[in-house]
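Just below is one structure, and these are the notes that go with it.
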Amino acid sequence: MAHDSDATPQTPAVYDVLIIGSGPAGYTAAIYAARANLRTLVLQGDQLGGQLMITSEVENYPGFEEGVIGPELMDKFEKQARRFGAEMVPQDVVKVDFSSRPFSVWTYNKQYQGNAVIVATGASAKWLGLPNEQRLQGRGVSGCATCDGFFFRDKEIAVVGGGDTAMEEALFLTRYASRVHLLHRRDSLRASKIMRQRVETNPKIVVHYSTAVEDVLGEAAVEGVKLRNTQTGEISEITVQGLFIAIGHQPNTELFKGVLDMDEVGYLKPTVNTMTNVPGIFLAGDVADSRYRQAVTAAGEGCRAAIDVERWLESQGEVDSATVEDPAAWGETAETTDASFARRAPAAH
Ligand code: NDP
């Protein structure tokens, strides 16, 4: 008689939907999908909860009038998804095969299959990699002005970067800060003309060109930054209580290169509603959003993706429904669905 450990199933169970990612988009998609009776598995990743796990207080998520701590908010999202039966795997996805249905994804030790997939892998703020940058995160070092600007009322702060994000963050922060130092490594800004002009004419902003940040200073909280002139090599320090890193975000889409349509930076592009170029693969949240990047917009996107999955599965006859959506709504006809899927599906990656 075989022992349990020998009885590893050869063909994994097929879920209705696999959700890759556990930020607001992934968990909201899970809440909606599981509540719609879809068999739902969330591949949460090794670091659960996405970018809100490195945010201290979230004051602009509706429904929390006193604010809420980022990790607590994500814990609530997860519990709500579990309540409706969503299953969770706290591991990174290391490989996907979207070339045939059911779709497959792999963690380091297991394969999972689903008739639909929602990609909600988010984006990561780029960091400078300074010796004390991570240690002082949440204590004055931040990657999000909208999230943390409020805490710097009447304080002097610095923003790093020369692109539109840095301009936007610097301008936003002038609402709170007494002075904003914009630190840029080159002698000209990359940002669009209109944003540059707004920054250069704002009396609260001082632009430091040819200035690289060498380190963040301070023990318990940010007290200043050490700077290097990139032309002369001269080292100096300025006193600030906050340092906002605004050197861009990187969407977490490495796994999907050559498989899902993306722009030149790597943000995924939808084809119909929230569906990607591969029928049955959907997207939600920051992985496809370089503009808003808010928890509440990501959650909304997760909701849209789950509703789209439900309707798409119905249109494919994969789940029972009283009202079946016409496959044409997804740019397909009933006759061509299988053929077009086979034609358009890319190779495994
Ligand atoms: P960008 O890539 O445009 O700019 C990044 C900036 O950070 C550059 O100035 C770059 O310097 C600097 N940088 C990168 N790495 C480092 C580093 N290691 N050390 C120091 N500085 C560094 O990214 P953004 O996020 O600003 O913008 C991304 C896209 O989103 C752009 O297309 C932008 O136009 C768009 N966007 C539009 C907005 C709007 O229209 N309102 C708002 C925000 C973004 P360098 O110039 O030397 O390369």
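Throughout, read-outs are computed from the coordinates displayed, never taken from laboratory work. Keep in mind that what you see is a predicted model, and the values were worked out from it rather than measured. In this analysis, Cβ positions are derived from the backbone assuming ideal geometry, glycine residues included, and neighbour counts consider all displayed protein chains.
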Q) Roughly what angle does helix 70-83 make with the longest principal axis of the chain, taking Cα atoms, 0 to 90 degrees, to the nearest 10? A) 10
Q) With r defined as the distance between the Cβ atoms of Asp215 and Ala329 and R0 fixed at 56 Å, what FRET efficiency is calculated, to the nearest 0.05? A) 0.55
Q | Contact order relative to length of region 141-245, as percent, for alpha carbon pairs under 8 angstrom and 6 or more apart | A | 31
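Kirkwood Rh, the chain, all Cα pairs: how many Å? Write down the numbers at each step before the final one.
Numbers: mean 1/r = 0.0456 Å⁻¹.
Value: 21.9 Å, from the Cα pair sum.
Determine the relative contact order of the chain: mean sequence separation of Cα pairs under 8 Å and six or more apart, normalised by residue count, in whole percent. Don't skip to the end; give the middle numbers.
Numbers: 774 pairs, mean separation 67.5, N = 349.
Averaging sequence separation for qualifying contacts and normalising by length gives 19 percent for the chain.
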Q: Note the angle between two axes, namely the Cα long axis of helix 164-173 and the longest principal axis of the Cα atoms of the chain, as a number of degrees from 0 to 90, rounded to the nearest 10.
A: 60
Q) Mind checking which aspartates and glutamates have their C-alpha under 12 Å from Lys95, skipping anything on the same chain fewer than 8 residues away? A) Glu254
Q) How far apart, in nm, are the 7 Å Cα→Cβ label points at Gln91 and Ile238? A) 4.8
Q: Translational diffusion coefficient, Stokes-Einstein: compute it for region 141-245 using the Kirkwood radius over C-alpha pairs as Rh, at 20 °C and 1.002 mPa s, and state it as an integer in µm² s⁻¹.
A: 159
Q.
Return the unpartnered cysteines for the chain, using a Cβ-Cβ cut-off of under 4.7 Å.
A. Cys303
Q | Rg over Rh [alpha-carbon atoms, Kirkwood Rh] for region 58-119 | A | 1.13
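Length gain on complete extension for the stretch Arg185 to Phe84, per 0.36 nm per residue less the alpha carbon to alpha carbon distance? Write out the running numbers ahead of the final one.
On the way: separation 101, 0.36 × 101 = 36.36 nm, distance 4.97 nm.
Roughly 31.4 nm would be gained on extension.
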Q: Nearest 5 is fine: what % of DSSP beta bridges in the chain come out antiparallel, could you say?
A: 45
(Q) Under 17 Å between alpha carbons, and skipping anything fewer than 8 positions from Lys269 in its own chain: which lysines qualify? (A) Lys257
**Q.** Over the chain: helical MRE at 222 nm, DSSP H runs n ≥ 4 each giving -39500 (n - 2.57), nearest 500
**A.** -6500 deg cm²/dmol
Q: Pull up the cross-link candidates among the aspartates and glutamates for Lys226, meaning alpha carbon to alpha carbon under 19 Å and not fewer than 8 places away within one chain.
A: Glu133, Glu156, Asp187, Glu214, Asp215, Glu234, Glu237
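Evaluate the charge dipole of region 247-318 about its Cα centre and quote only its size in Debye, nearest 20, assuming +1 on the Cβ of each Lys and Arg and -1 on the Cβ of each Asp and Glu.
Working: 6 positive and 11 negative charges, 31 e Å.
Here region 247-318 has a charge dipole of around 160 debye.
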